[in-house]
Amino acid sequence: MEKIKVTCEMEITLKVIGGKWKPLILHYLQEEGPKRYNQILHFLERAPKKTLTNQLRELEKEGLLKRKVFPTVPIQVEYSVTKHGETLYPLLEMMCDWGSQNAGDKYEITNKQCCEE
């Protein structure tokens, strides 16, 4: 397998969790536990279905999410964070804290996820 060339270590992180919804998906599942696709879609509110599907697949491919399929009719799928995905938690918490501290009057947070300090 050919290695992917990157400029620096930070680029690896951005390649893995880059994308508007990936950090939100990971943080939501880390905080709330395993969720079905529709629950994630409902949480994200404005995420296009196709984009959400693609980003869930990419996170699974990177080994950050686990996809569990339930043999029901219709089929149910549940997503959860893997041990490898949990290693991103400190970074996601820092992002959450920074956003919370810098929201000011410019942003209205519709679904608070960060702990208030």
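Shape index of the chain: Rg/Rh, with Rg the Cα radius of gyration and Rh the Kirkwood radius from the inverse mean 1/r over Cα pairs, equals 0.99. Excluding ligands, DNA and RNA, the accessible surface per residue across the chain is 75 Å² with a 1.4 Å probe. A probe of 1.4 angstrom, applied to the heavy atoms of all protein chains, finds Glu86 with accessible area near 70 square angstrom. Multiplying the residue separation of Val73 and Ile12 by 0.36 nm and subtracting their alpha-carbon distance yields 18.1 nm.
The 3J(HN,Hα) values that the Karplus relation (6.51, -1.76, 1.60; θ = phi - 60°) gives for the range 81-90 are, in residue order, 7, 7, 4, 4, x, 5, 5, 7, 4, x Hz. Gly and Pro appear as x.
Please list Arg46, Arg36 in order of solvent-accessible area, largest first, computed with a 1.4 Å probe with all protein chains present. Please list the in-between numbers first.
Values: Arg46 165, Arg36 110 Å².
Highest to lowest solvent-accessible surface, that is Arg46, Arg36.
Rounded to a whole number, what % of the accessible area of the chain do carbon and sulfur atoms account for, probe 1.4 Å? Taking all protein chains in place, the chain shows 54 percent carbon and sulfur surface. Taking amide H atoms as placed 1.01 Å from N in the peptide plane, the amide H of Gln76 lies under 5 Å from those of Phe70, each 5 or more residues away in sequence or on another chain.
From largest accessible area down, sort Cys8, Cys114; use a 1.4 Å probe on the protein chains.
Working: Cys8 55, Cys114 30 Å².
Descending accessible area places them as Cys8, Cys114.
The values are calculated or read from the model by the stated rules, or taken from the named source; none is laboratory data. Computed from a predicted structure; not experimentally measured. The accessibility values were calculated without ligands, DNA or RNA, using every heavy atom of the protein model including side chains. Shrake-Rupley method; radii C 1.70, N 1.55, O 1.52, S 1.80 Å.
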